[in-house]
Amino acid sequence: MKVVAKTHCGKVRPINEDSFLVPENGGRVALVADGMGGHQAGEVASAMAANAIGQSAKKAAGREISVKTVVSWVRQANKAIYKAAGEDLSRSGMGTTLTFLYFMRGHAMLAHVGDSRCYLIRKGEIYQLTKDHSLVAELVRRGEITPEQAKTHPYRNIITRALGTDDSVAVDAQDLDLEPGDIFLLCSDGLSNYLDKEELLSLVMEKPAEEICEELVGRALERGGRDNITVVVVYTDGEVVT
Ligand code: CA
């Protein structure tokens, strides 16, 4: 397995509130979290989510776990962030998206809240595995606006689910069977707002792993870079992961 990642503050935001984890040194988690909330609270929320999931995964190392288990990790992380937000006025209302994969032999668990994304590239096709929990995605699903209109909609930043903003959270989770050569791309909306999935696919197919993150982030910056940009790419390389 090979993994590459990059995060960038972008051109407009004063700080980078995204966090990420990569599965290295025996770790099994690839994660992107996109924090929100004033006074750097977004940065705190996304880092708390990443740390909490990293810790839960560490404790589970070597065990086969179920979808239910990864959902319980997300609920625990949610409670911790919600509690921290309630204890400190400057962190009130902080929250974060959370999208992660937990790799096991031959399969991976995917858990997701918010509008960060996980794509799978398999046999020359790209699939968006996560459904955005955002207002514009809801409007598109209901047929009220077109995907084209969603791209420039004034409310495109509003997410309908987040970690830390309520004492409970609805979590999307699935168990995926891996196939040799599967590539996963996780990203925050600072990337997916600028590059559609066809462009992501052609770049991942065309660029070597060493250059892909630079290329993707570079394009998002060229097109405005109005948000923090984070990408994690996992090449399962046919080994189908230990
Ligand atoms: Ca963002």
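Some points to look at:
- Cβ-derived FRET efficiency at R0 25 Å, K2 paired with R75, nearest 0.05: 0.20
- Surface exposure of the chain, expressed per residue as accessible area with a 1.4 Å probe, stands at 47 Å².
- 3J(HN,Hα) along the stretch 3-8, derived from phi through the Karplus expression 6.51 cos²θ - 1.76 cosθ + 1.60 where θ = phi - 60°, amounts to 9, 10, 8, 7, 10, 9 Hz, with x in place of Gly and Pro.
- Of all accessible heavy-atom area on the stretch 2-235, the percent that carbon and sulfur account for (1.4 Å): 48 percent
- Here the dipole of the chain is about 560 debye; that uses its Cα centre as origin and unit charges on the Cβ of Lys and Arg (positive) and Asp and Glu (negative).
- Fully extended contour minus Cα-Cα distance, from E206 to Q174, at 0.36 nm per residue: 8.6 nm
- Karplus-derived 3J(HN,Hα), 6.51/-1.76/1.60, for each residue of the stretch 216-226, Hz, glycine and proline x: 5, 5, x, 5, 5, 5, 4, 8, x, x, 7
- Couplings 3J(HN,Hα) for the stretch 38-48, derived from phi with the Karplus relation 6.51 cos²θ - 1.76 cosθ + 1.60 (θ = phi - 60°), are x, 6, 6, 5, x, 4, 5, 4, 5, 5, 4 Hz, where x marks Gly and Pro.
- Cut-off 10 Å between beta-carbons: net charge of the residues surrounding E17, Lys and Arg +1, Asp and Glu -1: -3
- Relative contact order (%) - the stretch 137-242, alpha-carbon pairs under 8 angstrom, separation at least six: 34 percent
- Overall form of the stretch 52-146 per C-alpha gyration tensor (a/c, 1.5; a/b vs b/c): oblate
- Positive dipole terminus of the stretch 2-235, leading residue within L101, V74, A162 (C-beta point charges): V74
- The chain, helix-only ellipticity at 222 nm - DSSP H runs n ≥ 4, -39,500 (n - 2.57), divided by all residues, nearest 500: -10500 deg cm²/dmol
- Built amide H within the under 5 Å cut-off of H107, gap 5+: L178
The values are calculated or read from the model by the stated rules, or taken from the named source; none is laboratory data. Quantities reported herein were computed from a predicted structural model and do not represent experimental measurements. Reconstructed Cβ throughout: ideal geometry from the backbone, glycine too, with neighbour counts over all protein chains shown. Keep in mind that these areas ignore ligands, DNA and RNA; they rest on the heavy atoms of the full protein, side chains included. Shrake-Rupley method; radii C 1.70, N 1.55, O 1.52, S 1.80 Å.
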